[in-house]
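Scroll down for the structure; my scribbles are underneath it.
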Amino acid sequence: MEHSVFQSASLRTSAVNSTLKPSLSHRKLLNRTAAIAPSCLLPNLALHLQSKWPRGCSRKALTKSWRRTSIQACTQVGAAGPDPLVNNISAFRDACWRFLRPHTIRGTALGSVSLMSRALIENSHLIKWSLLFKALSGVFALICGNGYIVGINQIYDIGIDKVNKPYLPIAAGDLSVKSAWFLVIFFAVAGLLIVGLNFGPFITSLYSLGLFLGTIYSVPPFRMKRFPVAAFLIIATVRGFLLNFGVYYATRAALGLAFEWSSPVAFITTFVTMFALVIAITKDLPDVEGDRKFQITTLATKLGVRNISFLGSGLLLLNYVASIAAAIFMPQAFNRTIMIPVHAILALSLVFQSWLLEKANYSKEAISTYYRFIWNLFYAEYIIFPLI
């Protein structure tokens with residue numbers, strides 16, 4: 001490509017003076033020099049070489065040739081690629097985002113916003129713009145807590161993740177362990193400072209409890225994830241009870257109200273706690289190969305993928321049936337026109353997805369699709385919650 005470009009440049013140079021053509025050796029010297037010399041030096045260099053050019057070749061033609069050749073040379077140099085520093089920053093940002101496990105971040109953010117919205121809808125006369133910063137700082141603190149828990153898990157699961165989740169940044173070699181430790185320490189410290197300075201001792205203690213449970217879930221010698229029942233209870237407690245109760249309590253406290261259960265909040269806390277239990281059960285479905293290799297006992301390794309997917313789908317269907325029953329028998333507490341049809345549709349979509357998994361013979365790709373669908377149902381519940 002470069003050879004053809006400079007060859008055409010030399011042809012155009014010779015065309016300026018058709019009667020006197022420079023020798024082949026001079027043309028090679030011109031092209032080679034243009035490719036490596038800064039453009040600002042080319043005119044002077046042209047004058048220097050003029051004494052070595054065949055007699056009769058004009059200075060004007062020579063200088064014009066240098067300009068054309070230098071432009072093409074600079075174009076080639078400029079097309080060499082973007083700044084490596086920009087590439088490094090972009091790669092690090094991408095690694096950090098994958099380190100946060102985006103699907104869990106979405107669940108945490110949606111849950112906190114949904115619970116805050118419900119509390120504000122119930123007490124709309126107390127809404128103040130001054131509360132916006134406090135609400136945003138609370139959401140950021142929850143995201144930091146989420147980042148700490150999923151991050152510490154990746155640090156101690158590198159070997160397993162190289163088999164089960166090779167796309168994760170530490171397992172893929174895109175993020176060093178040292179950088180990962182820096183991130184999880186930052187998340188823990190930043191989250192605790194924000195909560196401690198803004199939400200009082202009770203919420204700070206709940207937040208600390210969540211971090212503690214996330215730590216013993218992954219870190220030796222505890223590593224409670226090795227024990228299925230303990231692992232399920234930790235995930236259900238953190239993502240189910242602590243998140244929903246804590247956010248609703250903190251929002252009411254910010255509005256100057258004492259904590260008080262409402263039927264919708266009691267419903268979503270119970271529903272999501274059960275849902276978190278299902279997530280805890282089904283999250284091991286795509287990881288069976290690595291768990292068996294590293295001798296980690298899960299229900300999926302003991303009972304098989306098919307049985308666990310049936311168990312998870314069955315528990316979620318019970319959740320949806322209970323939701324519809326609550327709307328039927330407690331019309332004064334729930335918006336029946338939304339709660340009944342929406343949960344019926346979600347239940348039917350779950351049945352259909354389970355059928356697709358069975359039809360695909362529980363292939364790894366189908367299992368991953370099923371697990372992602374479970375998370376989509378989780379998001380959907382938080383989206384409709386303020387309306388029920």
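Each value in this text was obtained by applying a stated rule to the coordinates, not by laboratory testing. In this text, all values refer to a predicted model and were calculated from it rather than measured experimentally. So basically every Cβ, Gly included, is an ideal-geometry build from the backbone, and we count neighbours across all protein chains shown.
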* **Sorted by Cβ density within 10 Å, fewest first, the residues Lys162, Lys364** => Lys364, Lys162
* Calculated diffusion of the range 105-255, Stokes-Einstein form, Kirkwood radius summed over Cα pairs, 37 °C and 0.692 mPa s, µm²/s -> 201
* **³J(HN,Hα) computed for each position of the range 354-371 - Karplus, 6.51 cos²θ - 1.76 cosθ + 1.60, integer Hz, glycine/proline x** => 5, 5, 5, 5, 5, 5, 7, 6, 6, 5, 4, 5, 5, 5, 5, 5, 4, 5
* Cross-link list Lys225/Lys283; Lys162/Lys359; Lys178/Lys225; Lys293/Lys359; Lys293/Lys364: which exceed 19 angstrom alpha carbon to alpha carbon? -> Lys162/Lys359; Lys178/Lys225; Lys293/Lys359
* Structure fact -> With Pro386 itself left out, Lys, Arg at +1 and Asp, Glu at -1 over residues whose Cβ is under 12 Å from its Cβ give -1
* In nm, to one decimal, how far is the modelled label at Ala380 from the one at Glu289, with both set 7 Å along Cα→Cβ? -> 3.0
* Approximate spin-label separation Lys359-Leu318, in nm, with each point projected 7 Å along Cα-to-Cβ -> 2.8
* To do: Rounded to whole Hz and in sequence order, give me ³J(HN,Hα) for the range 200-213 from the Karplus expression 6.51 cos²θ - 1.76 cosθ + 1.60, θ = phi - 60°, writing x for Gly and Pro.
  => x, x, 5, 5, 5, 5, 5, 5, 5, 4, x, 5, 5, 5
* Asked: Counting other Cβ atoms within 10 Å of each Cβ, which chymotrypsin sites (Phe, Trp or Tyr not before Pro) in the range 101-155 have at most 16 and sit in a DSSP loop?
  -> Trp129
* Structure fact -> Here, GluC sites (Glu not before Pro) of the range 258-361 satisfying both criteria (DSSP loop; at most 11 other Cβ within 10 Å) are Glu260
* **Simple label model, 7 Å out from Cα along Cβ direction - Leu131 to Tyr167, nm** => 3.9
* Take each of the peptides 269-282, 326-339, average the number of other beta-carbon atoms within 10 Å over its residues, and list them starting from the highest. => 269-282, 326-339
* Calculate, for Ile185 and Arg336, the FRET efficiency according to 1/(1 + (r/R0)^6) with r their C-beta to C-beta distance and R0 35 Å; round to the nearest 0.05. => 0.15
* Structure fact -> The extension gain from Leu303 to Phe92, computed as 0.36 nm times the residue separation minus the Cα-Cα distance, is 72.0 nm
* To do: Rank these for me by crowding, Arg226, Arg252, Arg93, going from fewest to most other beta carbons within 10 Å.
  => Arg93, Arg226, Arg252
* Asked: What list of ³J(HN,Hα) couplings, whole Hz, do you get for the range 159-165 from phi and the Karplus terms 6.51, -1.76, 1.60, once you set θ to phi - 60° and write x for glycine and proline?
  -> x, 5, 5, 5, 8, 7, 9
